[in-house]
Amino acid sequence: PRAHGRAARARAAPSTTEARRGGTRRTINVVEFSRRRFFAAQLLFVLVLVVGTIGFHLLLDDSWVDSFYRSVVTTTLTGLDTRPETTAGEIFSIGLLIAGVAIFLYLAGTVVELIARGVVGGAVAERRRRRRIGMLHGHVIICGVGRVGRAVAAEILTTGRPLVVIDVNESTAGWAAGAGAEFIHGDGTEDDELARAGISTAYALVACADSDEKNVFITLSARALRPELVIVARAAGQGAA
């Protein structure tokens, strides 16, 4: 089964990749871009502190500690205890002040962008969702929530058993929340998706994706991860059955 599962993974990978070339992938890129900007601004701030410390040490002949202190209070716009004694020191201080203003404006814009794009709220919601799924035991995982998947979900929900659904359509998240189920974005063909759905503590898995190939692979992957798991798979063709 493991060898067959690897072969199925190789065949299923292109379709899985194609399914994720839409808005979700672009959203992830935007999130990573915003985070890179934020970390770049922090790195630039540290660089300005280093340059300021070296500059004050050379221009004013201060000790390294005094130079670092002067660099911090100048860059962070908190003021100076003493005015630089030389013209070069004053000009250098003005340059640091301008650099500090630019960096903090850049940081503020990046933070606003992160919040506006829902990155912060999304990360918190993701941690809460993972914590809720991690607390589940004896739940059912449904891979693929189309017409058949929703009918199966309705039957399971009537029993009061917890439910986690995996689907490539993000709009399914709203339906899952309304039905009282947890939602994982994916198609169930990746081991990490099954792990995030709590397969280690699940009672059963239902594979009812939109293709027999995916359902075969989901079945093989789930069986490899949990040999004792109850698995029900949808098959349209006799070969898949």
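Points to keep in mind about this one:
- Förster-model FRET efficiency, 25 Å R0, Arg130 and Glu170, C-beta, rounded to 0.05: 0.90
- The alpha carbon gyration tensor of region 43-110 gives principal lengths a ≥ b ≥ c with a/c of 1.5 or higher and a/b greater than b/c, which makes the shape prolate.
- Label-point separation in nm, Val101 to Gln238, each point 7 Å along Cα→Cβ: 8.0 nm
- Mean shadow area of region 154-241, taken as a quarter of the surface of its Cα convex hull (nm²): 5.7 nm²
- Maximal additional length on extending the His137-Leu225 stretch stands at 30.1 nm, based on 0.36 nm per residue less the C-alpha distance.
- With R₀ set to 22 Å, the beta-carbon distance separating Val111 from Asp66 gives a calculated FRET efficiency near 0.10.
- Inter-label distance, nm, simple model (7 Å from Cα along the C-beta direction), Arg83/Thr201: 6.7 nm
- Spin-label pair Val46/Glu213, simplified geometry with 7 Å Cα→Cβ offset, distance in nm: 4.6 nm
Any read-out appearing in this document is the output of simple, stated calculations on the displayed coordinates, not a laboratory observation. What you see is a predicted model, and the numbers here were worked out from it, not measured in a lab. Note: ideal-geometry Cβ built from the backbone for every residue, glycine included; neighbour counts use all protein chains shown.
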